[in-house]
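One structure is given here, and the rest of the page talks about it.
The values are calculated or read from the model by the stated rules, or taken from the named source; none is laboratory data. What you see is a predicted model; the values in this text were computed from it and never measured.
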Amino acid sequence: VMNERPKIRKNREFTKFKIMSETDEIKEWQTQSVKHKVATVLILDGVPFSFNEENGIMFTAPECYVEKLKERLMYAYGCSLKPIINEIK
């Protein structure tokens with residue numbers, strides 16, 4: 001029993017965002033910061049987005065997802081500064 005390998009629990013944080021409660025308000029967001037990294041994470045999370053040169057990347061998501069996205073970009077994807085992701089009003 002002592003020589004058995006411990007079981008690894010796989011729990012990805014972004015899967016929690018796919019199951020959103022009805023209280024989470026979906027908002028529109030826009031960014032010009034580290035577009036290649038933002039696009040990569042959005043693709044991995046399955047979040048649809050659009051891009052044009054004038055507005056950059058535009059997507060819809062709840063505010064809690066965007067805050068976690070900023071943290072993930074800094075800690076897991078090597079952004080030295082916190083990306084600027086603005087809400088479109």
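Summary of values
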{"quantity": "Failed criterion for Thr23 (all others in (1) under 13 Å from the mean Cα position of the chain (by Cα); (2) at pLDDT below 95 hold)", "calculated": "(1)"}
{"quantity": "Matching residues, region 35-60, being on the phi > 0 side of the Ramachandran plot and at pLDDT below 95", "calculated": "Gly46"}
